[in-house]
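J.: What follows is a structure written as structure tokens; I'll ask about it next.
The values are calculated or read from the model by the stated rules, or taken from the named source; none is laboratory data. None of these values were measured; they are calculated from a predicted model. All Cβ positions, glycine included, derive from the backbone under ideal geometry; neighbour counts span all protein chains shown. Accessible surface areas use protein heavy atoms only, side chains included; no ligands, DNA or RNA. Shrake-Rupley method; radii C 1.70, N 1.55, O 1.52, S 1.80 Å.
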Amino acid sequence: MSGFLTVWRHTLSEALHRKLLVASFGLIALELVLVAALVGSASGMITVAGMLVQGMPGGTEALGAIFAGLAVTFYYPGLLLMVWLTAGFFPRMQERGSIDLLLSKPLGRFALYAGRFAGCATIALAASVLFFGGNYLVLCGKTGIWVPAFLLTIPASLFAYTAFLTMMALLAQAGRSSVLSALIVTGYALFIGPLLFAAETEIGHVLMGESGWAWLFALLYNLLPQTTETGSVLFEAVRHGRLGDTSALVQVALSSLGWFAVGAFWFQRKDY
Amino acid sequence: MGEVAPIEVRGLRKTYGALRRAKRVEALRGIDLEVRAGEIFGLLGPNGAGKTTLVKILLAIARASGGEARLLGRPAGDPRARREVGYLPENIRFPDFLHAEGALHYLGRLSRMSAADRSRAVPAALEQVGLFDRRRSKVNTFSKGMIQRLGLAQALLHRPRLVVLDEPTDGVDPIGRKEIRDVLVRLREGGATVFLNSHLLSEVERVCDRVAILDRGRVLRIGSVDALTRRANRWRISVEGDPGVAAAALGPLAAVTGGAVEVEASTTAALNEAIDRLRAAGVLLTDVRAAATSLEDVFLDVVEHGREGAS
């Protein structure tokens with residue numbers, strides 16, 4: 001356990017010393033200032049980018065939908081920010097001369113892998129709290145309407161992030177390139193995930209017809225974490241204040257666990 | 001019961017790319033080796049001989065394909081075996097954002113040292129390698145030689161019983177090399193065992209008690225430096241005056257080399273007979289010793305013969 005904690009602590013310390021991370025936190029602060037400037041309220045009238053929101057027909061429900069939309073709008077950039085911030089941690093650990101030194105210490109390889117993983121997840125949590133928590137305070141503070149469900153973006157993004165992290169940790173062992181692993185995960189989040197999701201919808205089934213590739217799409221859809229669906233789950237949760245269908249969350253959890261196990265097993269067996 | 005050998009290797013094999021025949025490389029082909037407690041043991045071999053692979057298997061950085069490797073009496077993959085081992089890898093990399101002291105504290109924690117132990121050991125280790133004045137400097141401002149010294153400091157930090165060093169003097173200036181050699185000798189005097197992997201034969205010759213010569217995954221020769229460099233049945237006799245006169249007195253079995261006479265004598269009686277002949281010829285003797293060759297010559301000879309035998 002002490003080895004795990006040492007590696008976890010070291011990962012956090014490393015993050016604090018990286019200029020990129022500090023700069024990203026600065027960017028988040030700038031974004032918050034921008035949001036604060038865009039969202040205004042005067043005389044009890046709420047506007048977003050100059051458009052009147054309060055007083056629309058549907059009242060509270062419309063506001064819930066707006067906040068849910070905002071949550072999802074912030075969700076994906078926030079998620080990708082976390083991915084790019086932490087993409088270098090696993091490749092750096094596995095650089096020649098560094099990994100030799102770590103493996104020669106009296107700690108198990110799993111503790112090393114899990115400690116690094118937990119460190120990255122903690123950094124992502126900090127970025128998530130700052131980004132989503134900050135936007136929540138600005139949005140709600142400026143409008144005077146407090147929608148606590150918006151804060152579900154924090155656990156939701158962390159949940160989806162850990163799914164991506166399992167993929168990045170695995171990719172780092174194959175290529176040891178932080179940029180490549182971040183690009184692949186970004187590609188998955190923006191294109192492949194939505195494509196697999198689309199292929200599984202009724203429209204997708206109609207479009208695919210009897211295509212010979214349908215089985216491959218179905219296989220990948222079930223094997224890879226269904227992170228695209230977490231956005232929909234988040235939208236519904238913020239809008240209605242409760243979790244709806246959680247099957248996608250269960251799939252993401254199981255898939256991530258599987259990828260984590262594959263990554264840890266590979267790390268355990270690999271020659272350096 | 002005798003003391004456990006710090007390193008014990010039996011029939012150790014390592015094959016890379018085992019799944020694809022065309023890419024298969026046999027890095028180790030059944031190595032047997034034993035390093036005794038309290039000695040400085042040198043591992044020699046040309047590039048690709050399998051030296052680093054052997055070190056990596058011992059420290060569980062790579063996995064063996066067959067055979068057995070034991071470290072301080074435990075299987076090499078057991079993390080408990082590494083508690084009392086210090087390791088300086090080739091091309092060591094420290095977390096570049098840390099300063100020297102911070103790097104040692106981090107690595108000390110990984111070696112399961114308590115905070116109290118570290119606060120005592122870290123300044124001492126930095127002092128030992130001459131980096132105490134740079135303890136607050138960032139590692140990324142260090143030269144190659146300073147990185148090597150810091151690497152040595154982290155290897156010695158937790159007072160290990162076994163120290164494994166992979167090219168420890170790489171990039172270090174001559175004064176630094178001498179200091180590192182002195183550290184190794186002090187370690188031996190303190191009872192630690194040192195396993196040294198180096199391609200600098202002169203370094204090895206100066207500090208090692210025993211060496212193994214490896215080539216193409218096989219141990220070609222193993223023994224003490226004295227035994228390996230001693231030339232069988234050859235004696236070196238130093239004389240006053242012209243050694244050519246002495247050589248002529250001894251006949252065809254003698255030759256002049258490096259200002260002395262070298263003579264072949266398979267027994268003590270034969271050696272004494274040669275000495276008697278010299279004295280009878282009026283030659284004054286100043287020194288008689290077993291003829292030796294340099295470790296470099298032995299190394300080249302062993303590797304060349306090993307390759308001829310293999311082809």
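J.: Check every one of the helices (runs of 4 or more DSSP H) wholly within segment A:150-256 and list those with 3 or more residues that are without any contact (Cβ under 8 Å) to a residue 12 or more places away in the chain, among the aliphatic types (A, V, I, L, M) and surrounded by fewer than 14 Cβ atoms within 10 Å (Cβ to Cβ). Quick ask: steps written out before the conclusion?
T.: Numbers: elements: A:153-175, A:178-187, A:193-200, A:202-208, A:214-223, A:227-240.
Helices (runs of 4 or more DSSP H) meeting the threshold: A:202-208.
J.: Looking at segment B:98-133, which of its residues are without any contact (Cβ under 8 Å) to a residue 24 or more places away in the chain, among the hydroxyl-bearing types (S, T, Y) and facing chain A (nearest Cβ under 8 Å)?
T.: If the condition is that a residue be without any contact (Cβ under 8 Å) to a residue 24 or more places away in the chain, among the hydroxyl-bearing types (S, T, Y) and facing chain A (nearest Cβ under 8 Å), then B:Y106 is the only one that fits.
J.: What do you reckon, is B:R206 open to solvent by 60 Å² or more (accessible area, probe 1.4 Å), in contact with a Lys or Arg (Cβ under 8 Å, 6 or more places away or on another chain) and in the same structural domain as B:E3 (by TED's automatic domain parsing)?
T.: Values: open to solvent by 60 Å² or more (accessible area, probe 1.4 Å): yes; in contact with a Lys or Arg (Cβ under 8 Å, 6 or more places away or on another chain): yes; in the same structural domain as B:E3 (by TED's automatic domain parsing): yes.
Considered against the rule, which asks whether it is open to solvent by 60 Å² or more (accessible area, probe 1.4 Å), in contact with a Lys or Arg (Cβ under 8 Å, 6 or more places away or on another chain) and in the same structural domain as B:E3 (by TED's automatic domain parsing), B:R206 comes out as yes.
J.: Across segment A:5-38, what is the total count of residues that are away from chain B (no Cβ under 11 Å) and either open to solvent by 20 Å² or more (accessible area, probe 1.4 Å) or touching a Ser or Thr at 6+ places or on another chain (Cβ under 8 Å) (or both)?
T.: Of the residues in that region, 17 qualify.
J.: Let me ask another. Among the residues of segment B:1-45, write down those that are open to solvent by less than 80 Å² (accessible area, probe 1.4 Å), touching a strand residue (DSSP E or B) at 6+ places or on another chain (Cβ under 8 Å) and assigned to a loop (DSSP other than H, G, I, E, B).
T.: Once the filter is applied, which keeps residues that are open to solvent by less than 80 Å² (accessible area, probe 1.4 Å), touching a strand residue (DSSP E or B) at 6+ places or on another chain (Cβ under 8 Å) and assigned to a loop (DSSP other than H, G, I, E, B), segment B:1-45 yields B:A5, B:P6, B:G17, B:A37, B:G38, B:E39, B:G45.
J.: Counting only residues that are open to solvent by 20 Å² or more (accessible area, probe 1.4 Å), under 13 Å from A:G3 (Cβ atoms) and within 12 Å of another protein chain (Cβ to nearest Cβ), how many does segment A:82-121 have?
T.: Count: 4.
J.: If a residue has to be more than 13 Å from chain A (Cβ to nearest Cβ) and part of a strand (DSSP E or B) to count, how many in segment B:46-72 make the cut?
T.: Total satisfying the criteria: 5.
J.: Sticking with this one: With respect to A:A124, is the statement that it is crowded, with 22+ Cβ neighbours inside 10 Å and in contact with a Leu (Cβ under 9 Å, 6 or more places away or on another chain) true? Before you say what the answer is, go through the steps one by one.
T.: Numbers: crowded, with 22+ Cβ neighbours inside 10 Å: yes; in contact with a Leu (Cβ under 9 Å, 6 or more places away or on another chain): yes.
Yes: the conditions hold for A:A124.
J.: In segment B:180-203, how many are closer than 15 Å to B:V55 by Cβ and either aliphatic (A, V, I, L, M) or in a helix (DSSP H, G or I) (or both)?
T.: Residues of segment B:180-203 closer than 15 Å to B:V55 by Cβ: B:193-199.
Applying the additional criterion that residues be either aliphatic (A, V, I, L, M) or in a helix (DSSP H, G or I) (or both) yields B:194, B:196.
The qualifying residues number 2.
J.: Of the conditions (1) touching a residue at least 40 places away in the same chain (Cβ under 8 Å); (2) within 30 Å of A:A37 (Cβ to Cβ), A:W146 clears all except one; give me its number.
T.: (1)
J.: Kindly provide the set of residues from segment B:146-175 that are in a helix (DSSP H, G or I), farther than 17 Å from B:H199 by Cα and not hydrophobic (A, V, I, L, M, F, W, C), ordered by number.
T.: First pass over segment B:146-175, keeping only residues in a helix (DSSP H, G or I): B:146-156, B:174-175.
If we keep only those that are farther than 17 Å from B:H199 by Cα too, we end up with B:146-147, B:149-156, B:175.
Answer for segment B:146-175, where residues must be in a helix (DSSP H, G or I), farther than 17 Å from B:H199 by Cα and not hydrophobic (A, V, I, L, M, F, W, C): B:R149, B:G151, B:Q154.
J.: Can you find a residue in segment A:257-266 that is open to solvent by 30 Å² or more (accessible area, probe 1.4 Å), in a loop (DSSP other than H, G, I, E, B), within 14 Å of chain B (Cβ to nearest Cβ) and under 30 Å from A:L101 (Cα atoms)?
T.: Residues of segment A:257-266 that are open to solvent by 30 Å² or more (accessible area, probe 1.4 Å), as a first pass: A:257-262, A:265-266.
Next, from what is left, pick out any that are in a loop (DSSP other than H, G, I, E, B): none.
Looking through segment A:257-266, none of the residues is open to solvent by 30 Å² or more (accessible area, probe 1.4 Å), in a loop (DSSP other than H, G, I, E, B), within 14 Å of chain B (Cβ to nearest Cβ) and under 30 Å from A:L101 (Cα atoms).
J.: Continuing with the same structure: Answer with yes or no whether B:R149 is within 12 Å of chain A (Cβ to nearest Cβ) and either within 30 Å of B:A27 (Cβ to Cβ) or within 27 Å of the chain's Cα centre (by Cα) (or both).
T.: Details: within 12 Å of chain A (Cβ to nearest Cβ): no; either within 30 Å of B:A27 (Cβ to Cβ) or within 27 Å of the chain's Cα centre (by Cα) (or both): yes.
It is false that B:R149 is within 12 Å of chain A (Cβ to nearest Cβ) and either within 30 Å of B:A27 (Cβ to Cβ) or within 27 Å of the chain's Cα centre (by Cα) (or both).
J.: I need a count of the residues in segment B:73-97 that are over 19 Å from A:F4 (Cα atoms), surrounded by fewer than 21 Cβ atoms within 10 Å (Cβ to Cβ) and at the interface with chain A (Cβ under 10 Å from one of its Cβ atoms).
T.: Residues that pass the stated criteria total 6.
J.: Here is a check on your reading of the model: is B:R112 modelled with pLDDT under 95, not in a helix (DSSP H, G or I) and not acidic (D, E)?
T.: So B:R112 fits the description; yes.
J.: Please enumerate the residues belonging to segment B:2-44 that are away from every other protein chain (no Cβ under 14 Å) and on the phi > 0 side of the Ramachandran plot.
T.: B:G11, B:G30, B:G38, listed by residue number.
J.: When segment B:188-203 is examined, which residues are found to be touching a Leu at 6+ places or on another chain (Cβ under 8 Å), surrounded by fewer than 21 Cβ atoms within 10 Å (Cβ to Cβ) and farther than 10 Å from B:G42 by Cβ?
T.: Those that are touching a Leu at 6+ places or on another chain (Cβ under 8 Å), surrounded by fewer than 21 Cβ atoms within 10 Å (Cβ to Cβ) and farther than 10 Å from B:G42 by Cβ: B:H199, B:S202.
J.: Six or more apart or on different chains, Cβ under 9 Å: which pairs go from a residue in segment B:42-67 that's within 20 Å of B:V204 (Cα to Cα) to one that's among the polar types (S, T, N, Q) and assigned to a strand (DSSP E or B)? Could you list them?
T.: Filtered contacts from segment B:42-67: B:G42/B:N197; B:L43/B:N197; B:L44/B:N197; B:G45/B:N197; B:K51/B:N197; B:T52/B:N197; B:L54/B:N197; B:V55/B:N197.
J.: Quick one: count up the residues across segment B:130-144 that are open to solvent by less than 10 Å² (accessible area, probe 1.4 Å) and in a helix (DSSP H, G or I). Lay out the reasoning, then the answer.
T.: Residues of segment B:130-144 open to solvent by less than 10 Å² (accessible area, probe 1.4 Å): B:131, B:139.
Then drop every residue that is not in a helix (DSSP H, G or I), which leaves B:139.
Count: 1.
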